[in-house]
Amino acid sequence: MLKSQATPNSAATGSTNPDALLFREGMSRAAAAVHVVTTDGSAGRAGFTATAVTPVTDSPASLLVCVNTASRSAQALLANRVFCVNTLSAEDLALADVFAGRSGLQGPERFTVGKWERLETGSPALATSLVAFDCRISDARVVATHHIIIGEIVRIWLGEQKRPLVYQGRHYHEL
């Protein structure tokens, strides 16, 4: 049997407004690829672990990335106007934790872990990633607590075929 939740006034208004905790629990059950999104430029080098990454269109090739508005990395990414989405393999699980803030390393110190290169935009590209999408921001807007950032892809680097890292049930898994 499916469980659902609605606010007490949903019957009167015809709308539902799920609780934020229920929403997060529901989203934790959906498996998602794990990425490290990086940027570099006049606002500095920064990066964060993300699962909220999705393709938008293939012509022009573009990606959508969501990041909390309170994050220092978001501010650097928006100021630099460039970013690289690095899709992680299962071998890069420790790196996912570093960029998720679980290692004690902060800001540019995070880039001491892993082997980094640069593509066209100058954003750090992880040499061991499954794929790296080098992007320039084409659109950005705030929706509630997050920036929704669309990047037009200027270069794609394909890494080795390896087992991907996914996040589901609040844990990392490999496929």
Check your understanding: Which residues, taken from the range 65-88, are out of contact with any strand residue (DSSP E or B) (no Cβ under 7 Å at 6 or more places or on another chain) and in a loop (DSSP other than H, G, I, E, B)?
Key -> ALA70
Review point. Any idea how many residues of the range 60-96 are in contact (Cβ under 8 Å) with a residue 40 or more places away in the chain, charged (D, E, K, R) and farther than 21 Å from LEU158 by Cα?
Key: 1
Check your understanding: Here are VAL98, VAL67: which of them is of a type in the set (Val, Ile, Thr) and under 15 Å from ALA52 (Cα atoms)?
Key -> VAL67
Study note, to complete from the structure: Residue count, the range 145-175, condition hydrophobic (A, V, I, L, M, F, W, C), surrounded by 15 or more Cβ atoms within 10 Å (Cβ to Cβ) and within 21 Å of GLY114 (Cα to Cα), comes to 3
Review point. Any residue at all in the range 116-123 that is buried (at least 18 other Cβ atoms within 10 Å of the Cβ), outside any strand (DSSP E or B) and of a type outside the set (Ser, Thr, Tyr)?
Key: yes
Point to revise | Boolean, GLN106 is more than 20 Å from ALA52 (Cβ to Cβ) and free of Cβ contacts under 8 Å to residues at least 24 places away in the same chain | key: yes
Check your understanding: Which of the residues spanning the range 28-41 are surrounded by fewer than 22 Cβ atoms within 10 Å (Cβ to Cβ) and more than 24 Å from GLU91 (Cα to Cα)?
Key -> GLY41
Review point. When both residues are 6+ apart or on different chains and their Cβ atoms are under 9 Å apart, which pairs have a first residue that lies in the range 42-56 and is farther than 22 Å from LEU165 by Cβ, and a second that is of a type in the set (Lys, Arg) and buried (at least 20 other Cβ atoms within 10 Å of the Cβ)?
Key: ARG45/ARG110
Review point. Across the range 42-100, what is the number of residues that are buried (at least 16 other Cβ atoms within 10 Å of the Cβ) and among the polar types (S, T, N, Q)?
Key: 9
**Study point:** From the options ARG141, ARG110, ARG102, ARG136, residue that is at pLDDT below 95 and either closer than 25 Å to ALA30 by Cα or within 17 Å of the chain's Cα centre (by Cα) (or both)
**Key:** ARG102
Revision key, fill the gap. Scanning the range 89-113 for residues that are in a helix (DSSP H, G or I) and of a type outside the set (D, E, K, R) gives ALA90, LEU93, ALA94, LEU95, ALA96, VAL98, PHE99, GLY107, PRO108, PHE111, THR112
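Look at ASP134 and say whether it is more than 16 Å from THR54 (Cα to Cα), surrounded by 15 or more Cβ atoms within 10 Å (Cβ to Cβ), free of Cβ contacts under 8 Å to residues at least 60 places away in the same chain and among the charged types (D, E, K, R).
Judged against the criteria, ASP134 is not a match.
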Check your understanding: Before we move on, is VAL142 aliphatic (A, V, I, L, M) and buried (at least 19 other Cβ atoms within 10 Å of the Cβ)?
Key -> no
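The values are calculated or read from the model by the stated rules, or taken from the named source; none is laboratory data. Owing to the predicted nature of the structure, the values given are computational and were not obtained by experimental measurement. We place every Cβ from the backbone using ideal geometry, glycine too, and count neighbours over all the protein chains shown.
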